[in-house]
1. In terms of modelled amide H atoms, which long-range or inter-chain residues lie less than 5 Å from the amide H of GLN138?
2. On average, how much accessible surface per residue is there in the chain, in Å², for a 1.4 Å probe, leaving out ligands, DNA and RNA?
3. If every alpha-carbon in region 1-57 counts as one equal scatterer, what log10 I(q)/I(0) does Debye give at q = 0.24 1/Å?
4. Below 8 Å between Cα atoms, with a sequence gap of 6+, how large is the relative contact order for region 157-305 in percent?
5. Please state, as a whole number in µm²/s, the translational diffusion coefficient that the Stokes-Einstein equation yields for region 5-175 at 37 °C and 0.692 mPa s, with Rh defined as the Kirkwood radius across alpha carbon pairs.
6. When ranked by the protection proxy of mean other Cβ atoms within 10 Å per residue, highest first, what sequence do the peptides 70-82, 108-120 form?
7. Can you tell me the relative contact order of the chain? Whole percent, Cα pairs under 8 Å, sequence separation 6 or more.
8. Going by amide H atoms built from the backbone, whose H comes under 5 Å of the H on LEU94, apart from near neighbours?
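The values are calculated or read from the model by the stated rules, or taken from the named source; none is laboratory data. These numbers were taken from a predicted model, which means no experiment stands behind them. Don't worry about glycine lacking a Cβ; one is built from the backbone with ideal geometry, like all the others, and counts go over all protein chains shown. Ligands, DNA and RNA are excluded from the accessible area calculation, which covers all protein heavy atoms including side chains. Shrake-Rupley method; radii C 1.70, N 1.55, O 1.52, S 1.80 Å.
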Amino acid sequence: MSSTWHILGAGSLGSLWACRLARAGKAVRLILRDPQRLAAYQAAGGLTLVEQGQAQQHAIPAETAAASGPIHRLLLACKAYDAERAVASIAPRLARDADLILLQNGLGSQDAVATLVPHVRCLSASSTEGAFRESDWQVNFAGHGFNWLGDPANPAPPAWLDELVDAGIPHQWTPDILTRLWRKLALNCAINPLTVLHECRNGGLLEHRCEVATLCAELADLLKVCGQPEAAQALGEEVERVIQATSANYSSMYQDVRQGRRTEIHYLLGHACRTAARHGQPVPHLERLYRRLVEQLNARGLPSD
Ligand code: NAD
Ligand code: KPL
């Protein structure tokens, strides 16, 4: 089986993974959106990773989805709202024994993708690493973190995890990846929308403790009802800890809204509210928060799906 890492999405996290794997001598190929993006990439000469102020360029080969040849390992590194369309574009090239690693935040896109490609193994990742694009084809590794990987349908770890060790990508395999994804979703639901509505850094939420605590209580009840009691444990305390530890930062959703970028709200708060409705679990404060956020996005001309 080919051990090439195909990486679809040369944005922040995709570039971070691509550069570290290439630096460790692994075979990597980028899959870019269209021939224009491919030409622009080739003109730039590669991807640049900036780490601790040091920039290093990696001439990683690239192609579009329309190239030929089977894919055995694909890291999907686009936003949750692009995941289905991106996988549909590459589906004919996915071998029957392929591993598809889904790096999307939130929940909902993973199931949608798995339905599209039932013949491949879909693994999910939950990442707390931080990266941002300084310019096209240049990524800044901003925040050290961790990657949880797992497959809700199969607890056996894939053989290629050793390659992540070689590449210095911090990770752990967990059969409970859904718990990890739900926990992160809950943290993001308790923090990110409020930073948009109160127009504040994460630390600004210390002045809205009551509102945060009410959301955490609803989220914890929802997690228990939907079969994720572990993800509910001491949620309020962790949210408070994250707010303190990241008090000077702007949340990712705040930054997206400020920069006029589409958010992943549909896969965060939207997913929480839809799951609550399916279970007949009342979540009035989450629903109100969702409505207020949608209004705010619409007022700014941003999509809310
Ligand atoms: P990004 O917007 O920087 O990169 C996504 C890339 O995918 C873009 O370059 C886009 O052009 C490309 N893309 C989309 N559809 C495509 C297609 N059909 N074909 C080819 N390319 C396509 O996004 P990101 O910040 O890297 O985030 C990716 C996921 O990781 C998100 O779900 C995000 O929430 C999550 N995440 C990001 C960070 C971070 O620090 N950036 C941290 C944790 C989790
Ligand atoms: O993940 C985050 C984000 O900004 O998206 C934190 C810092 C945890 C806030 O929810």
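1. THR48
2. Counting only protein heavy atoms, the per-residue value for the chain is 45 Å².
3. -1.05
4. Normalised by residue count, the contact order of region 157-305 is 27 percent.
5. Numbers: Rh = 16.1 Å.
Calculated translational D: 204 µm²/s.
6. 70-82, 108-120
7. 14 percent
8. Placed amide hydrogens put ILE71 under 5 Å from LEU94.
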